[in-house]
Amino acid sequence: MVEDAGQPSYRAKQLFQALYTQRVNSADQVSTLPKEFRSMLADEGISLGLPGIQKKFISFDGTVRYLIELADHETIETVWMPQGDGGEAGDGSEAGAEIEAHNPRSWRRATICVSSQVGCAVNCQFCLTALLGIKRNLNAGEIAGQVMAVLQDQKVSPPDERVNLVFMGMGEPFLNYDNFIKATRLLVEGVGLPESRMTVSTAGIVPRIYDLGAESVRPKLAISLAAPNDALRSQLMPINRKWNLEQLLGAAREFPLRNREKITFEYVLLKDVNDSPLHARELAELVRGVKCKVNLIALNPGPGIQFEMPEQNRVLEFQKILAGANVPVFVRRPRGRDIYAACGQLKRTVEMAT
Ligand code: SAH
């Protein structure tokens, strides 16, 4: 937009910094911008500011789920997940961790989960966002704006080294690649959030994995597997028919990791579908030789989803098998179940109720 207006691209960064870190709400207040540019923005009626928080749900565990309204009245979800001061590790994902009531003032770390699209086109069978279909891509300002809106609401001034960011909300970031990368740059260069604290998750858009590897500024990479073989994965995640596991794991093996970096494989566990000891052994074999960790996520069930949550002992057995094969493996704690915090659940539940 800034370039369309005949302005150099660094103006976008200046604008972003002013809007998001100095919290101005009109271009007129941005003294670093040339006068003509400021009045052009005003003349064209271009309004500036953060996306608005339409609804906010607070869970007993501290998770806050935001329904965010965009300029065209579409809504997306953004989630704030604090981890307490009870000695929990990084992403709060260690096995067997109890869900604790949360004291909002005592968080040591927090993760913000942002959306990249309104809805999603990938159609994973266990995902609620899939049921919404795809409405549109978010632009870079809308992606980065979610982070700033949440930080502002949580009264956190960026850069804050306790804040992590995951592109794991609604949508497939790699089907909106350019805007996702632009948003990353705005957040890293404009706001000062470190790229090492950001993770992008993909359902497996293989060519974009190679693209990400070539970026000079990029988040860490997570890949959603959900199945250890092509037959099952093609059923659960139709994208596997386009790029199969051999192509996907090939891209993972070739991905240029930074110092001490690992790829995360996410594996959502579905009762009696992909949670057997045999699946665990197959998964260990599949990821062998990749510098990685595996995050196991018990299904967050929801309306319209035909799968069930696995038994807790199956989850632990699955984890044990991977750990026994020397694969670092974590069980992700369910967060905010009482406020419909499964992927896409809030928007869908609100839509179904209205
Ligand atoms: N499109 C991207 C990012 C959004 S999904 C991707 O597929 O990776 C983020 C994570 O949530 C993925 O690992 C996905 O497998 C998982 N997920 C989706 N629906 C879920 C559900 N109902 N319960 C638990 N995890 C789910």
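Quick note: the coordinates plus some simple rules give every number you see, no bench work behind them. Small disclaimer: the values here were computed from a predicted structure and weren't measured. Counting neighbours? That spans all protein chains shown, and the Cβs are built from the backbone with ideal geometry, glycine included.
The GluC sites (Glu not before Pro) of the stretch 250-291 that meet both conditions, a loop assignment by DSSP and at most 15 other Cβ atoms within 10 Å of the site Cβ, are Glu261. Expressed in units of 2.2 N^0.38 Å, where N is the residue count, the Cα radius of gyration of the stretch 124-171 is 1.42. Label-to-label distance for Ser276 and Arg108 is 4.0 nm, based on points extended 7 Å past Cα in the beta-carbon direction.
When the Cα atoms of the stretch 201-348 are enclosed in a convex hull and the volume is divided per residue, what value in Å³ results?
Values: hull volume 18.5 nm³, N = 148.
Residue-normalised Cα hull volume stands at 125 Å³.
The calculated FRET efficiency for His73 paired with Ser31, based on their beta-carbon distance and R0 = 51 Å, is about 0.95. Between Gln247 and Gln154, the distance separating the two model label sites (each 7 Å from Cα on the Cα→Cβ line) works out to 3.7 nm.
Tell me, what is the FRET efficiency for Lys55 and Ser196 to the nearest 0.05, using R0 = 30 angstrom and their Cβ-Cβ distance as r? Mind dumping the intermediate values first?
Numbers: r = 32 Å, r/R0 = 1.07.
The value I calculate is 0.40.
Annotation: the stretch 178-271 has a Kirkwood hydrodynamic radius of 14.2 angstrom, from the mean reciprocal C-alpha pair distance. Here's how it looks for Arg136: its modeled amide H is under 5 Å from those of Val118, which are all 5 or more places away or on a different chain.
Placing unit charges on each Cβ (+1 for Lys and Arg, -1 for Asp and Glu) gives the stretch 198-354 a dipole about its Cα centre, and among Gln319, Ser224, Thr264 the Cα reaching farthest toward its positive end belongs to Thr264.
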